[in-house]
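S.K.: Structure in structure tokens, see below.
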Amino acid sequence: MSGNDVRGRAPLSLVAQEPDLHFYRQRAEERGGPVLVLGAANGRVPWSLAGHGFAAVGVDSSEVMIRSAEERRAEESAEVSSRVQFIASDMRALRLTERFPLVLAPQHAMGVMATRDDLDAFLATVCHHLAPGGTFIYDVLNPPREAIIRDDDDPRSPLEPRRPLFARHLRERKAPGGTSPIRRLKLRHFAPEELDEALATCRLTLHERYGRFDGKPFDLQDSRQIGVATL
């Protein structure tokens, strides 16, 4: 695919690669496809992968997001479009027959898992769909550490972030005249230790953890965690 479309715009697959899209594409080149994207949202990651030749299945619990992702088909070639499938489903309960060498949870997708049980169910979905030796990559918020409290009577007590585990992320406003209030989507922050335990419970082994998509090693001051685990 080359050149701009008839309206003079670059096709989605040619839009300048953002760091996370470049990271996921590199991993897909190493592992091969097809790729399962859990938390596909408006399809940004699946469409990027499809534009680089990989078959991708994008799943999201929001039917609104899936409809938005499907709208992009009008902006892509038939060849690229044929590589992408979108499914609206509860990601905790999804059970496809296909297995994937690479499963992604991009754009803080795991942050909508409100409880540990939800997180365990999500990771069970990951394990169900991973091919033997497959790779799981996630991107989640890291609890802010710039303001912490400690029990001064016990210097060995754990550090606790002052902010709550949930943060405002997105707002959905109704059309003028609508009666429903603003609905805020809240994303959970995951402490590294909590993720380590949850991954181990689901038989996933964490091999790499980064603080940025350029490969910077993770430290507790980073705003996000990017983990690479295998089954």
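The values are calculated or read from the model by the stated rules, or taken from the named source; none is laboratory data. Everything quoted here is computed from the prediction, not taken from an experiment. Methodologically, a virtual Cβ is constructed for each residue, glycine included, from the backbone with ideal geometry; neighbour enumeration extends over all protein chains shown.
S.K.: On the given criteria, is Glu75 at pLDDT below 95 and more than 27 Å from Asp196 (Cα to Cα)? Lay out the reasoning, then the answer.
M.R.: Details: at pLDDT below 95: yes; more than 27 Å from Asp196 (Cα to Cα): yes.
Here the answer is yes, as Glu75 does meet what is asked.
S.K.: Hand me the list of helices (runs of 4 or more DSSP H) wholly inside the range 56-140 holding 2 or more residues that are of a type in the set (Asp, Glu) and either surrounded by fewer than 18 Cβ atoms within 10 Å (Cβ to Cβ) or over 17 Å from the mean Cα position of the chain (by Cα) (or both).
M.R.: Values: elements: 63-71, 78-81, 116-129.
In the range 56-140, the matching helices (runs of 4 or more DSSP H) lie at 63-71, 116-129.
S.K.: Taking the range 91-128 as the search range and keeping residues that are more than 19 Å from Arg44 (Cα to Cα) and among the small types (Gly, Ala, Ser), which one is modelled with the lowest pLDDT?
M.R.: This residue is Ala114.
S.K.: Now for a separate question. Could you say whether any residue in the range 171-189 is at pLDDT 60 or above and assigned to a loop (DSSP other than H, G, I, E, B)?
M.R.: no
S.K.: Shifting gears a bit: Confirm whether Gly43 is modelled with pLDDT under 95, surrounded by 15 or more Cβ atoms within 10 Å (Cβ to Cβ) and touching a strand residue (DSSP E or B) at 6+ places or on another chain (Cβ under 7 Å). Walk me through how you get there before you give the answer.
M.R.: Numbers: modelled with pLDDT under 95: no; surrounded by 15 or more Cβ atoms within 10 Å (Cβ to Cβ): yes; touching a strand residue (DSSP E or B) at 6+ places or on another chain (Cβ under 7 Å): yes.
Criteria not met by Gly43.
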